[in-house]
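The values are calculated or read from the model by the stated rules, or taken from the named source; none is laboratory data. The structure presented is a predicted model; accordingly, all values stated were derived computationally and were not measured. So basically every Cβ, Gly included, is an ideal-geometry build from the backbone, and we count neighbours across all protein chains shown. Note: areas computed on protein heavy atoms with side chains; ligands, DNA, RNA excluded. Shrake-Rupley method; radii C 1.70, N 1.55, O 1.52, S 1.80 Å.
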Amino acid sequence: VAAGSTVELPCGTQGDPLPWVQWHKERGDLPWGRHEVDREHTLRLYAVSPADAGTYICTAQSQLGIVAATAVLRV
């Protein structure tokens, strides 16, 4: 993606009850003050910079177990 743009990383989950979902960056923190996660568990990164490049991991957990998905962001 181009520097300065907004990126959306979806994380589709389902279950009954709905799993608990968390996003994190593999090496580092989510950009402070420039990210949000909506009700559908989509991670939005605003005004991305080269420092935001890397692997982002969505982890869903319920009483049945844990599953994770990754997305690689290149700026």
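Results, tabulated for the structure shown:
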quantity	calculated
Every residue from the range 1-21 that is of a type in the set (D, E, K, R) and either modelled with pLDDT of 95 or more or within 16 Å of the chain's Cα centre (by Cα) (or both)	8
The range 22-35 - residue that is at pLDDT 90 or above and open to solvent by less than 80 Å² (accessible area, probe 1.4 Å) and, of those, farthest from the chain's Cα centre (by Cα)	33
Qualifying residues in the range 43-59 (those that are among the hydroxyl-bearing types (Ser, Thr, Tyr) and within 18 Å of residue 74 (Cα to Cα)) - the one surrounded by the most Cβ atoms within 10 Å (Cβ to Cβ)	56
Single residue of 6, 13 found to be touching a strand residue (DSSP E or B) at 6+ places or on another chain (Cβ under 7 Å), closer than 17 Å to residue 75 by Cβ and among the polar types (S, T, N, Q)	6
Meets criteria (assigned to a strand (DSSP E or B), open to solvent by less than 70 Å² (accessible area, probe 1.4 Å) and small (Gly, Ala, Ser)) for residue 69	yes
